[in-house]
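Okay, so here's the structure we're looking at.
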Amino acid sequence: MSSSQLTIFCIILIALFPLHEFVNGQGGKAGKFYCQALNCDANDKNRSCFICKRPKTSHRFNSMAECNAACHA
């Protein structure tokens, strides 16, 4: 492998390295539990409830504090 090929290979590896964090589109939150605001009522344009983004969890909460308490328990 010539030095120019090695250089290109290294540049590609360095460029792709940040992509390893992306799991299911979560970016830096991959592997962590967090609460996400949702629009639970189709008539309400405000994000009116929160859901814990955790495997096998689909509980909805009325406040961020409730969601964080349950999600990180």
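The values are calculated or read from the model by the stated rules, or taken from the named source; none is laboratory data. Quick caveat, the model's predicted, so the values are computed rather than measured. Glycine also receives a Cβ, built like all others from the backbone with ideal geometry; neighbour counts cover every protein chain displayed.
A few comments on the model shown:
- The combined condition, being modelled with pLDDT of 85 or more, exposed (fewer than 12 other Cβ atoms within 10 Å of the Cβ) and not in a strand (DSSP E or B), is fulfilled by Thr7.
- Among the residues of the stretch 14-59, those identified as of a type in the set (Gly, Ala, Ser), modelled with pLDDT of 70 or more and surrounded by 12 or more Cβ atoms within 10 Å (Cβ to Cβ) are Ala37, Ser48.
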